[in-house]
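J.: The structure's right below; bear with me while I get my questions together.
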Amino acid sequence: MKKFMMAALGGTIAGAVLSTQVAAPLMAQETKQPDTVYQQLDLFGDIFEKIRQDYVEPVDSKKLIDAAINGMLSSLDPHSSYLPPDDYADMRVQTRGSFGGLGIEVTQEDGFVKVVSPMDGTPAADAGIQSGDFITAVDGESLMGMSLDQAVDKMRGPVGSEITITLVREGEQEPFDVTLTRDTIKLTAVRGRHDGNTVILRITTFNDQTYPNLEDSIKKQVEEIGGMDRVDGFIVDLRNNPGGLLTQAIKVADAFLDKGEIVSTRGRNPQDSERFNATPGDQADGKPIVVLINGGSASASEIVTGALQDHHRAIVVGTKSFGKGSVQTVMPIQGEGAMRLTTARYYTPSGRSIQSLGIAPDVVVPQPDQPKADQKAEDDKAAHQMTSEADLRGAITNDSMTDDEKKQAEDERAKAEEAAKRRLDDFQMSYAIDLIKGLSALAPEMQGEKAAAAPATAAEETKKN
């Protein structure tokens with residue numbers, strides 16, 4: 001039976017461990033268990049028939065069975081579920097990198113539908129939906145009491161049709177409505193760009209296109225900068241990345257690691273445990289790496305982050321990640337549907353599970369609220385009104401710099417002012433870029449210190465011998 005391993009999006013899991021002290025009671029329990037199971041199946045059959053015969057309106061028997069199956073799976077944890085044929089087909093399309101919808105990843109928390117993250121360049125992102133928002137109604141119909149799959153079905157519809165969702169957001173006193181137009185979501189899994197000599201890789205999801213996109217983006221950005229020798233470092237932006245395919249997460253982490261474990265998975269049976277190791281070759285050529293994460297970074301994103309953090313290959317910046325440490329296997333079943341079942345937990349190279357804990361960044365950098373337009377205008381006005389020595393009447397000139405040096409100083413000041421403006425747009429990214437510049441500036445000096453230390457060490461060894 002073909003299985004698709006996935007490290008899918010968020011939520012939390014509550015587990016219970018049953019312990020037994022002696023073998024005899026356990027054996028007695030196992031002896032009684034079959035009778036109990038058949039009794040429960042008989043009970044299910046009785047209820048099923050009662051509903052078919054006595055419910056106030058005729059019901060579809062297939063829908064009843066599907067709902068029962070999904071209820072059984074969803075009772076296990078937030079990520080196990082039944083995929084009817086249509087949903088299974090949609091999932092396979094999504095993992096290939098194209099699907100229809102709003103471009104929003106959701107989970108269920110305390111009975112409420114919670115946004116894990118909007119996807120870049122989708123109707124949800126364009127409408128300003130944020131990670132952490134709660135969706136309480138769709139087209140005026142409350143989602144309370146619905147399963148997650150039922151709520152998602154309400155948000156699906158023909159491409160081009162409008163949908164109004166009601167949101168509850170922290171900091172807002174009242175719920176508010178947002179109207180979106182459903183669209184075909186075509187994902188570019190990795191978007192590359194560069195800021196100065198820093199390569200920025202924005203990874204939005206982990207589908208079949210992620211690693212090929214990553215390779216192409218690295219190659220293109222390094223060429224535009226003028227070669228790897230001129231690259232200061234890399235920023236891997238995993239903010240609001242809800243996860244995806246486990247296989248792609250392993251390949252992305254492997255792209256920046258030369259050796260060592262990337263992730264291990266441990267299932268119910270010890271023989272099902274697996275360990276995935278890096279292969280030789282670092283596509284960043286040993287350059288400094290900063291990984292950006294936040295509360296919307298889940299699952300596959302956390303696998304990549306944990307691997308690079310545990311191997312001290314990257315500095316992790318941002319806020320705590322989502323905390324999903326389980327792996328789902330999608331198993332095709334009869335009737336062209338599938339079952340998504342949690343089959344393992346995953347562990348970072350140091351052996352830690354991030355389930356319900358998340359990954360703590362090395363440097364905590366919250367994203368500040370955007371200043372209001374009127375406040376920004378006041379700050380800009382105040383900045384322009386400030387004076388310096390050069391503005392004072394009769395100030396003497398600087399005689400220590402040539403005209404070319406003065407021009408260079410002006411250019412550097414302009415770049416610094418541009419960097420300050422960038423902090424208002426994306427403070428976390430600006431921090432990461434500044435950190436890469438600092439690490440890059442230290443690198444040549446550290447290499448020099450190592451080179452200088454090597455002959456001295458050799459000389460000492462000669463004396464000892």
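J.: Failed condition for GLU174, given (1) surrounded by fewer than 11 Cβ atoms within 10 Å (Cβ to Cβ); (2) modelled with pLDDT of 90 or more; (3) under 27 Å from ASP86 (Cα atoms), with all others met?
T.: (3)
J.: Return yes or no: is VAL159 more than 22 Å from the chain's Cα centre (by Cα) and of a type outside the set (Phe, Trp, Tyr)?
T.: Yes; evaluated as a whole, the condition is true for this residue.
J.: Of the numbered conditions (1) more than 18 Å from the chain's Cα centre (by Cα); (2) on the phi < 0 side of the Ramachandran plot, THR107 satisfies every one except a single condition; which is it?
T.: Looking at each condition in turn, THR107 falls short on (1).
For (1) in contact with an Asp or Glu (Cβ under 8 Å, 6 or more places away or on another chain); (2) at pLDDT 95 or above; (3) charged (D, E, K, R), each residue gets a yes or a no:
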residue: GLY233; (1), (2), (3): no, yes, no
residue: GLY244; (1), (2), (3): no, no, no
residue: ALA249; (1), (2), (3): no, yes, no
residue: ALA253; (1), (2), (3): no, yes, no
residue: GLY260; (1), (2), (3): no, yes, no
residue: PRO270; (1), (2), (3): no, no, no
residue: ASN277; (1), (2), (3): yes, yes, no
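Each row is one residue, and each column tells you yes or no for (1) at pLDDT 95 or above; (2) aliphatic (A, V, I, L, M).
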{"position": "ALA284", "(1), (2)": "yes, yes"}
{"position": "PRO288", "(1), (2)": "yes, no"}
{"position": "ILE293", "(1), (2)": "yes, yes"}
{"position": "THR305", "(1), (2)": "yes, no"}
{"position": "GLY323", "(1), (2)": "no, no"}
{"position": "THR329", "(1), (2)": "no, no"}
{"position": "GLN334", "(1), (2)": "no, no"}
{"position": "SER353", "(1), (2)": "no, no"}
{"position": "GLN367", "(1), (2)": "no, no"}
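J.: Name the pairs: first residue in region 45-65 and under 27 Å from PRO85 (Cα atoms), second residue assigned to a loop (DSSP other than H, G, I, E, B) and open to solvent by 100 Å² or more (accessible area, probe 1.4 Å), Cβ to Cβ under 9 Å, at least 6 apart or on different chains?
T.: Close Cβ pairs (under 9 Å, with a partner that is assigned to a loop (DSSP other than H, G, I, E, B) and open to solvent by 100 Å² or more (accessible area, probe 1.4 Å)) amount to ARG52/PRO58.
J.: Which of the residues spanning region 251-282 are among the β-branched types (Val, Ile, Thr) and farther than 23 Å from THR205 by Cβ?
T.: THR279
J.: Conditions: (1) open to solvent by 30 Å² or more (accessible area, probe 1.4 Å); (2) in a strand (DSSP E or B). PHE234 meets all but one. Number of the miss?
T.: Failing condition for PHE234: (1).
J.: Another question, then. Regarding region 131-143, can at least one residue be identified that is assigned to a strand (DSSP E or B) and among the small types (Gly, Ala, Ser)?
T.: yes
J.: Here's another thing I want to ask about it. Need a quick list: strands (runs of 3 or more DSSP E) entirely within region 20-123 having at least 1 residues that are at pLDDT 85 or above and either open to solvent by 40 Å² or more (accessible area, probe 1.4 Å) or in contact with a Lys or Arg (Cβ under 9 Å, 6 or more places away or on another chain) (or both).
T.: In region 20-123, the matching strands (runs of 3 or more DSSP E) lie at 81-83, 104-109, 112-118.
J.: Determine if region 244-263 includes at least one residue that is buried (at least 20 other Cβ atoms within 10 Å of the Cβ), in a loop (DSSP other than H, G, I, E, B), touching a residue at least 60 places away in the same chain (Cβ under 8 Å) and on the phi > 0 side of the Ramachandran plot.
T.: Taking every residue of region 244-263 in turn, none turns out to be buried (at least 20 other Cβ atoms within 10 Å of the Cβ), in a loop (DSSP other than H, G, I, E, B), touching a residue at least 60 places away in the same chain (Cβ under 8 Å) and on the phi > 0 side of the Ramachandran plot.
J.: With of a type outside the set (Val, Ile, Thr), open to solvent by 80 Å² or more (accessible area, probe 1.4 Å), out of contact with any helix residue (DSSP H, G or I) (no Cβ under 6 Å at 6 or more places or on another chain) and touching a residue at least 12 places away in the same chain (Cβ under 8 Å) as the only criterion, which of ARG193, ARG169, ARG202 stands out?
T.: Within the list ARG193, ARG169, ARG202, the selection yields ARG193.
J.: Which pairs have Cβ atoms under 6 Å, sit 6 or more apart or on different chains, and link a residue in region 269-287 that is acidic (Asp, Glu) to one that is assigned to a strand (DSSP E or B) and open to solvent by 70 Å² or more (accessible area, probe 1.4 Å)?
T.: Close Cβ pairs (under 6 Å, with a partner that is assigned to a strand (DSSP E or B) and open to solvent by 70 Å² or more (accessible area, probe 1.4 Å)) do not exist here.
J.: Now, a different point. Mind checking which residues of region 210-231 are in contact (Cβ under 8 Å) with a residue 40 or more places away in the chain, part of a helix (DSSP H, G or I) and over 25 Å from PRO349 (Cβ atoms)?
T.: Of everything in region 210-231, just one residue is in contact (Cβ under 8 Å) with a residue 40 or more places away in the chain, part of a helix (DSSP H, G or I) and over 25 Å from PRO349 (Cβ atoms), namely MET228.
J.: Would you mention how many residues in region 185-204 are out of contact with any Ser or Thr (no Cβ under 9 Å at 6 or more places or on another chain) and in a loop (DSSP other than H, G, I, E, B)?
T.: Going through region 185-204 one residue at a time, the tally reaches 1.
The values are calculated or read from the model by the stated rules, or taken from the named source; none is laboratory data. As the structure is a prediction and not an experimental result, all values here were calculated from the model. Virtual Cβ from ideal backbone geometry, glycine too; neighbours counted across all protein chains shown. Areas reflect the complete protein model, heavy atoms only, side chains present, ligands, DNA and RNA absent. Shrake-Rupley method; radii C 1.70, N 1.55, O 1.52, S 1.80 Å.
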